[in-house]
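Enquirer: Have a look at this one before I ask anything.
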Amino acid sequence: MVEITIRKRQREDAVITQRKFFKKTARGKVIKVIRERYLRDDVVCGIDGCRECYSTVGPLLPFNGALDHKLFPHGHFVLPDTNVFLAQMDLLESTLFTSPIILLQTVLEEVRHRSLPLYNRLKTLVKVDDKRTWIFYNEYRSETAVVREEDESPNDRNDRGIRKGTSWYNSHISVTRPTTRGQITPLPSVVLLTDDVANRLKAEKEGIPCLSVRKYVEGMPKASQLLDLLAATDSEALEPTVAAGGRGAIYEDYLPTGELAAGIKAGKLHQGHFNANQFNYLEGSVSVPAFEKRILLVGRENMNRSVDGDIVVVEVFDEKEWKAPADEVIDQEVTLKNDDVEDSDEEGDNNEAIVEERKALKTEEAARRAAEKQPTGRVVGIIKRNWRAYVCHIDSTSLTSSNATSLSQQTVFATPVSRLLPRIRMRTRQAPTLIGQKILVTIDKWDITSRYPEGHFVRALGKVESKEAEQESLLLEFDVPYRPFGKAILDCLPSEGEQWVVPPKSETSLEWRDREDLRDLNICSIDPPNCQDIDDALHARRLPNGNIEAGVHIADVSHFVLPDNPMDDEAASRGTTVYLVDKRIDMLPSLLGTNLCSLRPFVERLAFSVIWELSPGAEIVNVRFTKSVIASKFAFTYAEAQKRKDDLKLHDDLTESIRMLNTVAQKLKAGRMTAGALNLASPEVKIHLDSSESSDPIDVEQKEMLETNSLVEEFMLLANISVARKIQETFPQTAVLRRHLPPPSANFEKLQDILKKRKGLNLDVSSSGALAASLDKCLDPTEPAFNTLVRIMATRCMLSAEYFCSGSVSKETFGHYGLASPIYTHFTSPIRRYADVLAHRQLSAAISHTPLHASLHSKTHVERVLGVVNRRHRMAQMAGRASVEFYVGLALKARVEKSLKVHSGKVTEEAFVIRTFRNGLGVFVSKLGLEGLVTFKRETQFDAENYTFTIPVAETGDKDVTIAVFDKVVVSIDVEKDRNTQRGKVKMTLVSPIDSTAL
Amino acid sequence: MSSRIEILNDGGYRSDGRRQYELRDMTFDMSEQAGADGSAIIAHGLTQVLVSVFGPREAKMRSQTLHDRAIINVEVSIAPFSTGDRRKRARGDKRILEFASMIKATFEPVVQTSLHPRSQIDIFVHVLQQDGGVLQACINATTLALANAGVPLLDFVCAVTGGVHAAAPMLDLTTLEENDLPHVTVAVMPRTGRVTLVSMETRLHVDRFEEIFRLAGQAGSVLHKEMRAAVRERTKGVVDAMGSGLRTSDFAEDAMMDDT
């Protein structure tokens, strides 16, 4: 049973035991708060063997303190004040700093008030075993408690408390030490460490031993090493602590809307999407039509509270101030790790985080090159905020209390998963339970006085790294609608459900009206393994006249999805099916997608067929489009089809037709290539899953391309092109088409420059054909993967393809750059793309099968729908990539663990350098399709002109090591979790040509 | 800035310098209030409550009288100046009514109402100052006021609030702590060890409940000693003032109260 007592105090104590202060609420009301305090005599001093204080807890301070300081031969303890902890934490954390430290409660609380991250560091410091630190609760000890006097600032009060604590310690030691035979033995002293001159003067007056940190360190045994750790502060001046005044504005106000509109109209201001730089959080860019290059926004003030994706209005600076983009990696978490959640409202030069940030900007400034100048500017207004809910992690150092039962409201930082976004400050009552979880946070506002946007918690998604949470966070992050289909939508499905079949052929049947019976043809489908939504099938046969008849049969989705019903609306808003590694989010209910519309083998299905008559030279003699009924004879995978085609023993009709298709496809491809189509590459990898249930990734490998892949691709392209011509002819105003604009040559400048300087190669970007030809010449005989790498980099320079409505752009811009086709659309995958459904409807009307729905006659409607589809399409691609990335990460982790177990080695992979920064390298691991950063903390030489990066001899100890773009290096890959946010991070370090772990 | 205050620091001190199981300073003032039959002002730290008891007397409302026992009527008023932000609570405030009914329910099994049929006992509770543990202060003050009024009670009722921070239980919470911690107020009758009230308005983990509950009960008996001493002293003072030889009954009362 514990002892329960009543703390009694005298009435007259009230003066020192009650504390009165005024508090202003959020609403501006002033509240008087009175708190009590119970003073006691049993707060122990913590010195080992003290006669009066008896303590059982913790490691105690040695009896005589430290004896190794020059100025204090009889031993001493140090008692630093608050500013010492705030400014010199590195020094105190050093293992060489061995003096026993007395930490006063006053100091501890002041540190907590001033900076939580530093407070957390201090707390771990106290717990470290080889440090001898004792917390003395001076505010609760009756002799040392101080009360703030009239017109005394809180700072002065604390300083006085610290002085009082120090003098108490000194007298306490002298009182409790035994005097041997009346003779006073020299006593250890307690030394007040402070950089505040005024405080030192007062202390000296009161006879308290005190020193500045520098003086103290100079007298220490390992002074030379410790002096390096001393942070340079201008604290020799009086009173370095500035009381935080009123809130200063950090950002400028936006201009009024009218002014913005007028400015844009007059060409003084420019409007565009804000893009944050993922390598450098202090930089962003806006691409506007008026400038060929993007407008650079450098620094927090110029970015003026814009968040990635916002539509902003920019004012461009004078040409003198134009700059080159940064070539340094600045990580928000590293630079601002000590920033405090609540204090970050207050602008002031004493704010460490700001100083740090300015430093980062300044060093970077110096390194910017004169060449390659880009316009710079600042954001003066926002047209539209594109804020949504962001997936975040809670930064654990920003918590004031990590106690799981705490119900109090705390302000914490939420760090978004995406590197493009700033940290979000939010208030929550459940912070401790949210640590280690993925959560959804929305931004509410961003005031001019606040460095960070403010948001609120929406909901928790689950534990970090659990599959469900990761998957859901992906879908949310990329805005993929993933709710199950509602009843109204499912009601639009045929009532027969799974039992639906093509009815027997008859004159009166609705399904058979105007449909050709192609059930006898040798149609087969070729798809990736385990494909369930088969939306295309092919056939070929030789015609009596020597020509070849080839047919592409596409699932007739428009027969089931009628315009303007709930299912159609839902499909239009979903836009596309999203494929994640372990999940598929369908655009259409799965009854259609994987059954009724899927061109499964051995069953009759409705199809929309494109049938060509091709000459033996693969020229189109004739093409016709028809609705049909087909019965696929077989569903191949790419590999099976390939095997069958290559098996010379087989001569059945199906095999022959595959061979025929293949020969035609090869000719088609050759034709396309001569026309100037690009053969692009993107880093695609395939994830092997353990089994369909567990979905644990086993390994990662690159996707391989078979001949049959290209067979299917060629025919799909052909079908798309033919359909595009037809619908454009019939509906010149509203045809749903797809185009790929030629990239502006400025996009290629950097790549061209690198290639020229590093490899002596020329990249001709005048047309897609020229580009294709010069890409073919980009070869490095020693490195076969080099060509692929260049192709990947070239792909990144291009614009992305988009859907458009034929009436809304001029006819010259219809072309598809990558495919070198003057016109193109998407027709072949109506199960998983909504644009294809529209193309189906239009084609169906073009062949007078079904009248066109009124909405497809309206240009604005088509434009609107395609806008959504374009966006969804982009998001789906990114979500798919992110999902692969996540699994690559998991697989990597498994591999790292395995290799650690087996031979305690690291996972190493070959990688190519694709970018150089001033303090790091961007590398690409083609085997894993993974891009990463290798950063260096130590001094390196960076030659921006030649894209090389030199680690000087001083660091390597041997000779200078130079690394350039396109060099092959070996990196070791490790997956580590961020300690604060639990965000998994791939960390790469260089292994060859030089080990960078120490750098 | 309240979030920047540690509820229980590494040294084992609470924000006001107490340790986990230490109760705040308390004072009992049982001096006469004009008009009231018995009254008490009790302070737990900065929380201060005044209770006045009238009765047993004839019930004002005839219709409500019970033929076999007295009715207890509790009215609570919270002074607008009792908290930092001045807030006036209406008489019909649901929170106050709930408070009153809690106090009533606590005392119904303790007051020997059957000795006073067809009468009424009025208890007026005035919260003068709030700093956590208002309910416990109200109950303790009511006990003393009833004793002071000479209303026959079966036992003292002693209430203490217990809370839990992480895994550390603590007693007698201040406002600051109450806002942050799950807490329970337990009222016990120390002689029999019976519990007359358990009130919990926050969520508390089941595993923690028993510990806190037991601890609050124990704290109740510590409180009991203190309250008994106060009653004794008051009685002694009154008796001395009367200056007569009613010693025997005084002893008898003592004997009864020592019977714990």
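The values are calculated or read from the model by the stated rules, or taken from the named source; none is laboratory data. Here the structure is a predicted model, which means the values were calculated and not measured. Using ideal geometry, Cβ is built from the backbone for each residue, glycine included, and neighbour counts are taken over all protein chains shown. What goes into the accessible areas is simple: the full protein's heavy atoms, side chains included, and nothing from ligands, DNA or RNA. Shrake-Rupley method; radii C 1.70, N 1.55, O 1.52, S 1.80 Å.
Enquirer: Among the listed pairs A:Lys32/A:Lys445; A:Lys373/A:Lys757; A:Lys901/A:Lys927; A:Lys445/A:Lys583; A:Lys32/A:Lys202, which have their C-alpha atoms separated by more than 26 angstrom in this model? Display every interim value, and only then the final one.
Expert: Values: A:Lys32/A:Lys445 30 Å; A:Lys373/A:Lys757 19 Å; A:Lys901/A:Lys927 22 Å; A:Lys445/A:Lys583 35 Å; A:Lys32/A:Lys202 32 Å.
The pairs that break the limit, which is 26 Å between Cα atoms, are A:Lys32/A:Lys445; A:Lys445/A:Lys583; A:Lys32/A:Lys202.
Enquirer: For chain A, what is the charge dipole size about the Cα centre, in debye to the nearest 20, if Lys and Arg each add +1 at the Cβ and Asp and Glu each add -1 at the Cβ?
Expert: Details: 133 positive and 140 negative charges, 250 e Å.
Roughly 1200 debye, rounded to the nearest 20.
Enquirer: If you don't mind, another one. At a probe radius of 1.4 Å, figure out the A/B buried accessible area, summed over both chains, and give it in Å² to the nearest 100.
Expert: On the way: alone 47610 and 13620 Å², together 57450 Å².
Accessible area lost upon association: around 3800 Å².
Enquirer: What are the residues of segment B:175-196 that lose 50 Å² or more of accessible area, with a 1.4 Å probe, going from their chain alone to all protein chains?
Expert: Listed by number, the residues meeting the 50 Å² cut-off are B:Asp180.
Enquirer: Averaged over B:12-21, how many beta carbons belonging to a partner chain fall within 10 Å of each residue's beta carbon? Spell out each step's value before the answer.
Expert: Working: counts 2, 7, 2, 3, 8, 15, 8, 7, 2, 4.
If you average over the peptide's residues, the count of other-chain Cβ atoms is 6.
Enquirer: What number, in nm² with one decimal, is the all-direction average of the projected area of the convex hull of the alpha-carbon atoms of the protein assembly as shown?
Expert: Values: hull surface 271.8 nm².
Orientation-averaged projected area of the Cα hull: 68.0 nm².
Enquirer: If you count, for each residue, the other Cβ atoms within 10 Å and average over each peptide, how do A:249-258, A:912-921, A:784-793 line up from highest to lowest?
Expert: Details: A:249-258: 13.7, A:912-921: 21.8, A:784-793: 17.9.
Ranked by mean Cβ neighbours within 10 Å, highest first: A:912-921, A:784-793, A:249-258.
Enquirer: How would A:Ser632, A:Ser287 line up by accessible area, probe 1.4 Å, largest first?
Expert: Correct descending sequence by accessible area is A:Ser287, A:Ser632.
Enquirer: Just tell me how shielded B:160-172 is by partners: mean number of partner chain Cβ atoms within 10 Å of each residue's Cβ, no decimals. Don't skip to the answer; put the middle values down first.
Expert: On the way: counts 1, 0, 0, 1, 1, 4, 7, 3, 2, 1, 0, 4, 3.
Mean partner shielding for this stretch: 2.
Enquirer: Could you name the lysines in cross-link range of A:Lys811, using Cα to Cα under 24 Å and dropping any fewer than eight places away on the same chain?
Expert: Within the straight-line limit of under 24 Å, A:Lys811 reaches these lysines: A:Lys726, A:Lys859.
Enquirer: Can you give the accessible area of B:Arg19, probe radius 1.4 Å, in Å² rounded to 10?
Expert: 80 Å²
Enquirer: Now a separate question. If we count every other residue with Cβ under 12 angstrom of A:Ile162's Cβ, Lys/Arg +1 and Asp/Glu -1, where does the sum land?
Expert: On the way: positive: A:Arg157, A:Arg160, A:Arg163, A:Lys164, A:Arg200, A:Lys202; negative: A:Asp81, A:Glu109, A:Glu110, A:Glu139, A:Asp156, A:Asp159, A:Asp196, A:Glu206.
Neighbour charge sum, excluding A:Ile162 itself: -2.
Enquirer: Farthest toward the dipole's positive end in chain B, which of B:Ala100, B:Ala241, B:Val195, given Cβ charges of +1 (Lys, Arg) and -1 (Asp, Glu) about the Cα centre?
Expert: B:Ala100
Enquirer: If you don't mind, there's one more thing I want to ask. Using amide H atoms built 1.01 Å from N in the peptide plane, name the residues 5+ places from A:Phe942, or on other chains, whose amide H lies under 5 Å from its own.
Expert: So A:Phe942 has HN proximity to A:Thr950.
Enquirer: While we're here: Using alpha carbon centroids, what distance separates segment A:294-308 and segment A:513-542, in Å?
Expert: Segment A:294-308 and segment A:513-542 have Cα centres separated by 53 Å.
Enquirer: Counting only C-alpha contacts under 8 Å and six or more residues apart, can you give the relative contact order of segment B:26-252 as a whole percent?
Expert: Details: 457 pairs, mean separation 45.9, N = 227.
Computed value for segment B:26-252: 20 percent relative contact order.
Enquirer: Right, something else. Are there GluC sites (Glu not before Pro) in segment A:584-652 that DSSP puts in a loop and that have at most 15 other Cβ atoms within 10 Å, and which ones? Please list the in-between numbers first.
Expert: On the way: sites: A:Glu604, A:Glu613, A:Glu619, A:Glu640; in loops: A:Glu619.
Here the GluC sites (Glu not before Pro) that fit, given the DSSP loop and packing criteria, are A:Glu619.
Enquirer: I'd like to know which of B:Gln129, B:Pro80, B:His224 lies farthest towards the positive end of the charge dipole of chain B, counting +1 on Cβ of Lys and Arg and -1 on Cβ of Asp and Glu.
Expert: Going by the charge dipole, the pick is B:Pro80.
Enquirer: How much solvent-accessible surface does A:Leu201 expose, in Å² to the nearest 10, with a 1.4 Å probe and all protein chains in place?
Expert: Roughly 100 Å² of A:Leu201 is accessible to a 1.4 Å probe.
Enquirer: Applying a 10 Å radius around every beta-carbon, put A:593-600, B:115-122, A:744-751, A:872-879 in order of their mean neighbour count, most first. All intermediate terms of the calculation are to be shown ahead of the outcome.
Expert: Numbers: A:593-600: 22.2, B:115-122: 17.4, A:744-751: 15.2, A:872-879: 19.9.
Going by the mean number of other Cβ atoms within 10 Å, highest first, we get A:593-600, A:872-879, B:115-122, A:744-751.
Enquirer: Express in whole angstrom the spacing between the alpha-carbon centres of segment A:410-434 and segment A:71-98.
Expert: Value for the Cα centre distance between the two parts: 34 Å.
Enquirer: Assign unit charges at the C-beta atoms only (+1 for Lys and Arg, -1 for Asp and Glu), then state the dipole size of segment A:777-856 relative to its Cα centre in Debye, rounded to the nearest 20. The partial results should precede the final answer.
Expert: Details: 7 positive and 5 negative charges, 30 e Å.
Here the size comes out at about 140 debye.
Enquirer: Now for a different question. Checking the cross-link filter: which lysines have an alpha carbon closer than 26 Å to that of A:Lys131, excluding same-chain neighbours under 8 positions apart?
Expert: Output for A:Lys131: A:Lys70, A:Lys123, A:Lys164, A:Lys215, A:Lys222, A:Lys337.
Enquirer: Using only protein heavy atoms and a 1.4 Å probe, report how much of A:Arg114 is accessible, in Å² to the nearest 10.
Expert: In the full protein context, A:Arg114 sits at about 80 Å².
Enquirer: Another question about this same structure. Specify which residue in the list A:Val190, A:Leu211, A:Ala26 is farthest towards the positive end of the charge dipole of segment A:11-214, using unit charges on the beta carbon of Lys, Arg (+1) and Asp, Glu (-1), about the Cα centre.
Expert: A:Ala26
Enquirer: Using only Cα atoms, figure out Rg for segment B:26-252 and give it as a multiple of 2.2 N^0.38 Å. Provide the component values of the computation, followed by the final result.
Expert: Working: Rg = 17.8 Å, N = 227, 2.2 N^0.38 = 17.3 Å.
Cα-based Rg divided by the globular estimate yields 1.03.
Enquirer: Once each part is reduced to its C-alpha centroid, what is the distance from segment B:162-198 to segment A:649-667 in angstrom?
Expert: Between the Cα centres of segment B:162-198 and segment A:649-667 lies a distance of 84 Å.
Enquirer: Report, to the nearest whole %, how much of the accessible area of segment A:11-214 belongs to carbon and sulfur atoms, 1.4 Å probe, protein only. Numbers along the way, then the final one.
Expert: Numbers: 5190 of 9730 Å².
Within segment A:11-214, the accessible surface is 53 percent carbon and sulfur.
Enquirer: Can I ask one more? If I take every Cα pair under 8 Å that is 6 or more residues apart in chain A, average their sequence separation and divide by the length, what percent do I get for the relative contact order? Can you show the working numbers first?
Expert: Values: 1882 pairs, mean separation 76.2, N = 999.
The normalised contact order for chain A reaches 8 percent.
Enquirer: How do the peptides A:456-462, A:705-711 rank, highest first, by the average count of neighbouring beta carbon atoms within 10 Å per residue? Don't skip to the end; give the middle numbers.
Expert: On the way: A:456-462: 16.0, A:705-711: 17.7.
Highest to lowest by the protection proxy: A:705-711, A:456-462.
Enquirer: Given Cα pairs under 8 Å that are at least 6 residues apart, what percent is the relative contact order of segment B:1-43? Kindly include the intermediate steps, with their values, before the conclusion.
Expert: Numbers: 35 pairs, mean separation 9.9, N = 43.
Worked out over segment B:1-43, it gives 23 percent.
Enquirer: A:Leu61: net charge of surrounding residues, Cβ under 13 Å, Lys/Arg +1, Asp/Glu -1, itself excluded? Display every interim value, and only then the final one.
Expert: Details: positive: A:Lys131, A:Arg132; negative: A:Asp48.
Surrounding charge for A:Leu61 is +1.
Enquirer: Which value, in Å², gives the accessible area per residue of chain A when a 1.4 Å probe is used on the protein heavy atoms? Working shown, then result.
Expert: On the way: 45710 Å² over 999 residues.
Heavy-atom accessible area per residue stands at 46 Å².
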